[in-house]
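Shown below is the structure under consideration.
The values are calculated or read from the model by the stated rules, or taken from the named source; none is laboratory data. Predicted model only: the values in this text are computed from it and were never measured. In this analysis, Cβ positions are derived from the backbone assuming ideal geometry, glycine residues included, and neighbour counts consider all displayed protein chains. The protein model used for the area step is the full one, side chains on, heavy atoms only, and it has no ligands, DNA or RNA in it. Shrake-Rupley method; radii C 1.70, N 1.55, O 1.52, S 1.80 Å.
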Amino acid sequence: MALNYIWIAFFLIAFIVALIRLVFFGDTEIFMNLVSGMFSSSKSSVMDIALPLAGNMALWLGIMNIGEKAGAINFLSRIVGPFFSRLFPGVPKNHPATGNIMMSFSANLMGLDNAATPLGLKAMDSLQELNPDKETASNAQIMYLVLLTSGLQLLPVTIIAQRAILHAKDPTDIFIPCIIATYVAAVVGMIAVAIKQKIKLFDRVIISWLGGITAFIILLVWYFTVYLTKEQIALVSKVASNLMLFSVPIIFIVGALYKKINVFEVFIEGAKRGFETSIKIIPYLVAMLVGISVFRSCGALDYINDGLRWVCVQFNLDTRFVDAMPVAYMKPLSGSGSKAMMINVMTTFKPDSFAGRLGCIFNGSSDTTFYIVALYFGSVGIKKSRYAIPAGLIADFAGILAAIFVAYLFFG
């Protein structure tokens with residue numbers, strides 16, 4: 001129901017804003033821009049997202065099927081089982097869903113965009129098998145989705161690459177701020193859902209795992225900043241992410257060979273499911289991206305930014321962060337839109353400006369909540385998202401505040 005109201009709001013707000021611009025400001029092209037945006041986004045949602053995703057889905061669900069048959073997913077489930085059994089009490093011990101969730105999180109941590117979505121959809125499908133009400137999101141699905149929308153990522157490779165393209169003096173200087181901001185978003189999102197679901201966070205296993213993850217992130221940041229040059233950080237980020245990406249199918253294939261499994265047939269079996277899933281999500285992609293397009297094309301985001309700037313001026317606050325806020329507005333709605341906004345901010349204010357750096361941190365601080373909810377829940381036929389969107393937005397908001405704080409701390 002939440003997505004229903006939000007989607008309706010996109011169109012109604014766009015119509016009202018466009019009508020005001022036409023009647024009071026004589027903008028005769030505003031409705032043409034809205035219609036053009038609708039057709040363009042509906043086309044790109046299929047041609048630029050759904051069809052390329054079909055190939056990735058077929059590839060990675062085929063590989064995941066090999067991993068399941070080889071026992072790799074069950075092995076991974078046993079390792080993270082004690083921690084996940086606390087966060088996902090509705091998932092039975094050593095269930096394959098645990099391994100699928102871990103694979104999905106691993107892909108996101110390493111910034112593996114091409115693999116992250118197929119693995120995430122596979123994890124959601126595994127959780128749907130345990131869901132007693134197939135049209136209503138389960139507690140486990142909501143916890144998984146909120147952690148996913150926090151966008152926890154250790155290697156923001158694409159952001160660093162884009163800064164290098166735009167000739168930033170130090171493309172990797174946003175590396176640490178991005179990690180801090182996205183980690184804050186993940187922890188706040190997890191706490192918000194845990195409170196709602198009455199999960200005991202002061203559990204020895206949960207505290208141990210969170211403490212270990214926090215220590216790992218701190219050590220990683222310390223090692224990168226103390227022992228590596230800026231060029232080496234970029235190189236390690238690129239090599240590590242791609243090494244991880246290619247190692248997964250190799251490990252699965254070797255395991256399948258050891259168990260004397262027909263690897264090719266098992267891959268084809270999984271790949272068929274990937275193509276079917278890609279076709280199923282096209283209507284959800286079109287609906288969400290068209291709604292986002294009209295909301296963006298009407299100029300509503302610009303008016304929100306102008307209002308925020310006015311409020312900051314009234315309270316004598318520094319307004320430099322406002323220049324990067326369009327990235328933060330767009331991030332929960334659209335990943336490609338947020339990236340476009342980030343590039344626009346860097347182009348307008350320069351990559352090494354405060355706004356340029358903050359725009360990059362915003363882009364790396366969380367993931368696309370509305371897009372992910374529509375895509376992941378739509379892929380398994382869930383119609384009632386319950387509190388998934390509010391919890392995801394809480395994580396997004398925490399990431400935004402953390403991004404602003406660390407930007408002033410590092411670059412202010």
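Enumerate the pairs (first residue in the stretch 121-141 and over 22 Å from ILE279 (Cα atoms); second residue anywhere and crowded, with 19+ Cβ neighbours inside 10 Å and among the small types (Gly, Ala, Ser)) with beta-carbon separation below 6 Å, excluding pairs fewer than 6 apart on the same chain, so at least 6 apart or on different chains.
ASN131/SER138
Looking only at residues that are farther than 15 Å from PHE105 by Cα and not in a loop (DSSP other than H, G, I, E, B) in the stretch 132-160, which one is farthest from the chain's Cα centre (by Cα)? Walk me through how you get there before you give the answer.
Quick first cut of the stretch 132-160, residues farther than 15 Å from PHE105 by Cα only: 132-139, 157-160.
Filter once more, so that each one left must be not in a loop (DSSP other than H, G, I, E, B): 136, 139, 157-160.
Numbers: THR136: 22, ASN139: 19, VAL157: 14, THR158: 13, ILE159: 14, ILE160: 17 Å.
Among those that are farther than 15 Å from PHE105 by Cα and not in a loop (DSSP other than H, G, I, E, B), it is THR136.
Is it true that some residue in the stretch 341-364 is under 14 Å from the mean Cα position of the chain (by Cα) and modelled with pLDDT under 90?
Within the stretch 341-364, one or more residues are under 14 Å from the mean Cα position of the chain (by Cα) and modelled with pLDDT under 90.
Any residue in the stretch 231-259 that's over 12 Å from ALA72 (Cβ atoms): show its pairings with residues that are modelled with pLDDT under 80 and open to solvent by 80 Å² or more (accessible area, probe 1.4 Å) at Cβ separation under 9 Å, as long as the two are six or more apart or on different chains.
Every condition considered, the pairs that remain are LEU245/ASN114.
Give the stretch 325-353 a look and list any residue that's among the aliphatic types (A, V, I, L, M), free of Cβ contacts under 8 Å to residues at least 40 places away in the same chain and crowded, with 18+ Cβ neighbours inside 10 Å, or say none.
Initially, the stretch 325-353 is screened for residues among the aliphatic types (A, V, I, L, M), giving 325, 327-328, 330, 333, 340-343, 345-346.
When the remaining residues are screened for being free of Cβ contacts under 8 Å to residues at least 40 places away in the same chain, the result is 325, 327, 330, 340-341, 345.
Across the stretch 325-353, the qualifying residues are MET325, VAL327, MET330, MET341, VAL345.
Then there is this: Check whether at least one residue in the stretch 202-225 is small (Gly, Ala, Ser), part of a helix (DSSP H, G or I) and crowded, with 16+ Cβ neighbours inside 10 Å, and report yes or no.
The initial filter retains those residues of the stretch 202-225 that are small (Gly, Ala, Ser), namely 208, 211-212, 215.
In the following step, the residues that additionally are part of a helix (DSSP H, G or I) were identified as 208, 211-212, 215.
Within this subset, residues satisfying the condition of being crowded, with 16+ Cβ neighbours inside 10 Å are none.
The answer is no, given that none of the residues of the stretch 202-225 is small (Gly, Ala, Ser), part of a helix (DSSP H, G or I) and crowded, with 16+ Cβ neighbours inside 10 Å.
Looking at this structure, is GLY307 in a helix (DSSP H, G or I) and buried (at least 20 other Cβ atoms within 10 Å of the Cβ)? Give the steps one after another, and end with the answer.
Numbers: in a helix (DSSP H, G or I): yes; buried (at least 20 other Cβ atoms within 10 Å of the Cβ): no.
No.
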